[in-house]
1. For Ala195, are the conditions met, namely being buried (at least 23 other Cβ atoms within 10 Å of the Cβ) and within 14 Å of the ligand (Cβ to nearest atom)?
2. Is it the case that region 37-45 has a residue that's away from the ligand (no atom under 14 Å from the Cβ) and in a loop (DSSP other than H, G, I, E, B)?
3. Applying the selection to region 355-381, what residues are within 15 Å of the ligand (Cβ to nearest atom) and more than 12 Å from the chain's Cα centre (by Cα)?
4. Do any strands (runs of 3 or more DSSP E) entirely within region 230-308 hold 1 or more residues that are touching a His at 6+ places or on another chain (Cβ under 7 Å) and within 16 Å of the ligand (Cβ to nearest atom), and if so, which?
5. Could you run through region 309-349 and say how many residues are part of a helix (DSSP H, G or I) and either of a type in the set (A, V, I, L, M) or away from the ligand (no atom under 16 Å from the Cβ) (or both)?
6. Give me the residue from region 270-292 that is among the hydrophobic types (A, V, I, L, M, F, W, C) and buried (at least 19 other Cβ atoms within 10 Å of the Cβ) and, out of that set, modelled with the lowest pLDDT.
7. Restricting region 1-35 to residues that are more than 18 Å from the chain's Cα centre (by Cα) and among the small types (Gly, Ala, Ser), which is nearest to the ligand (Cβ to nearest atom)?
8. List, please: which pairs have Cβ atoms under 9 Å, are six or more places apart or on different chains, and start with a residue in region 42-62 that is farther than 19 Å from Ile144 by Cβ and at pLDDT 95 or above and end with one that is aromatic (Phe, Trp, Tyr) and more than 6 Å from the ligand (Cβ to nearest atom)?
Amino acid sequence: MTRYVVVGGGIVGLATAYQLVREYPDATVTVVEKERTWGAHQTGHNSGVIHAGVYYPPGSLKARLCKAGSRSMVEFCTEHGIAVDVCGKLIVATDPAEVPRLHALYERSMANDLPVRLLDPAQAKEYEPAVACVAALHVASTGIVDFGAVCVRLAELLASAGARLHLGSAVTGIRPDRVTTTHGEIPADVLVNCAGLHADRVARLAGVVPPVRIVPFRGEYYELRPDRRDLVRGLIYPVPDPQFPFLGVHLTRMIDGSVHAGPNAVLALAREGYRWGAIRPRDVLDAATYPGLWRLGRRHWRYGLGEVRRSLSKRRFTASLARLVPALTMDDLQPAGAGVRAQAIRPDGGLVDDFLIVRRDRQVHVLNAPSPAATSSLEIARHIVATLRN
Ligand SMILES: Cc1cc2nc3c(=O)[nH]c(=O)nc-3n(C[C@H](O)[C@H](O)[C@H](O)COP(=O)(O)OP(=O)(O)OC[C@H]3O[C@@H](n4cnc5c(N)ncnc54)[C@H](O)[C@@H]3O)c2cc1C
C-alpha cells in the first residue's frame, strides 16, 4: 500500500490525486492544501479558457497535453454536469505587419492537427460583428469553463474514493518517509509537488535544487459593463508576440455570461500579490537576488515597462482592447480582479516555455505549469502518474 502525498490543491494537484486513486485504488492518497478552499490561487483566478493548443511547438509537452487535455476536460465536465461551452475563438491581426505571425500560427495549428481556418475581415465579422481586423484565425475547438468548479468536483470524487483531503494545512518540511505540515506529520512513500507559485520552494524543502526560479507575474482584468457585453460573442485574442509566453490582453466571454478583458503581465511584488499594494519582502528579495530575473529584465525592459504603464493607466488598457473592438471605451470597463502566474525562469534569464515536470527518486516536482495547465490538467496528471510508474 503505497502512500502518496500531493502538495497543492489547485487543479493540477487535484487532477493528479484523482488519477492516482483511479489507477491505484488500494493506495493511500493525501492532498495537502494551505488555503481553506480548493483552487484558491492560479486555478481560481484565470480566464477560464479551454485552450485548443494553437500556440505550442509541435511535439512539446504543452502541444500534446493541451490538445488531449482540451478533449478530456470537455468530456469530464460533460460527464459531471459542469457547464462547459466549446464556443471557438478568433485570433485577429489588426495590422498588416501581424499577418505573417498569424499565418505562422495557422501553420503551427495545422502541424498540431487542430481545426482552424484563416478568415478575411468580412468572414471574421460573421463570428464577431464588433471586431476590426485585416485577417483572422478561427479556432473551433477552444472552449470556456469554470476551472474552480472542476476542482470542487475533483475534490468530491476524491473524498468518495477515500482520499485524505487536508485544507488549511501548509507543508513545511519533507523527509523521505514523511511530510510535515502545520497540522502534523503525514507518512509518505511518494511525493508529488504541485505547489504552483511555491513549487520551487517546496522542491527545496524536499532536498531538490530546482533548475529554475518561480517568478510571479500578475495578470489584471477588467470586465465589460453588463449592458456592453453584446460587443463580444465569444473569445477575441490579438496575435501574440512569440518572444513571450503571455497571449496579450484579450476579450473572453466567461461561462457565467460576463466578459473579461485582460490579463496583462506585470511583475508581482508578492507570489500571491493580487494588487500593487501587496508586497512581501521575502518574495521581493527572492526575485531581486535572482540573476535570471536581471538577465530577463535587461533583455525585455521595454516590454516590461509597457506592461507597467498599461497596468497603471486604464486609458492604455482600453486602447489595447480597442485595437480588437474599436467600439470599446473606457466607460465600458470596470475592474475585475487579477490572477498571478507562476512563471519559471532559468538562471540565464530564459522564460521556461514548456511544462517542466521533474522526477527525483520517489518524487515528482511540477516546476512550470502556467497556461494552458488548467486545460491540460487531466493529461498532466496522467503524465505525472506515468512518470512515477516508469
Ligand atoms: C491570470 C491567469 C490566466 C490564466 N488563464 C488560463 C486559461 O484561460 N486557461 C488555462 O488553461 N490556464 C490558464 N492559466 C493558467 C492556469 O490557471 C494554471 O496553469 C493552473 O491553474 C495551474 O494549476 P496548479 O494546480 O499548478 O497551481 P495553483 O492553482 O496555483 O495551485 C497550487 C496550490 O498549491 C498550494 N500550495 C503552495 N504551497 C503550498 C504548501 N507549502 N503547502 C500546501 N499547499 C501549498 C497553493 O495554495 C495553491 O492552491 C491562467 C493563469 C493566470 C494566473
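The values are calculated or read from the model by the stated rules, or taken from the named source; none is laboratory data. Everything numeric here is computed off the predicted structure, so don't read it as measured data. For neighbour counting, all protein chains shown are included, and Cβ atoms are generated from backbone atoms with ideal geometry for every residue, glycine included.
1. Values: buried (at least 23 other Cβ atoms within 10 Å of the Cβ): yes; within 14 Å of the ligand (Cβ to nearest atom): yes.
Answer is yes for this residue.
2. Taking region 37-45 and keeping what is away from the ligand (no atom under 14 Å from the Cβ), we get none.
No, the conditions are met nowhere in region 37-45.
3. Let us first name the residues in region 355-381 that are within 15 Å of the ligand (Cβ to nearest atom), namely 355-358, 363-381.
The answer is Leu356, Ile357, Val358, Gln363, Val364, His365, Val366, Leu367, Leu378, Glu379, Ile380, Ala381.
4. Details: elements: 235-238, 250-253, 259-262.
Filter on region 230-308 gives 235-238, 250-253.
5. First, the residues of region 309-349 that are part of a helix (DSSP H, G or I): 309-312, 314-322, 330-332.
Next, only the ones that are either of a type in the set (A, V, I, L, M) or away from the ligand (no atom under 16 Å from the Cβ) (or both) stay: 309, 312, 314-316, 318-319, 321-322, 330-332.
So the answer is 12.
6. Applying the filter and picking the extreme gives Ala287.
7. Selected residue: Ala17.
8. Note: pairs meeting the criteria are Ser60/Phe355; Leu61/Phe355; Lys62/Tyr55; Lys62/Tyr56; Lys62/Phe355.
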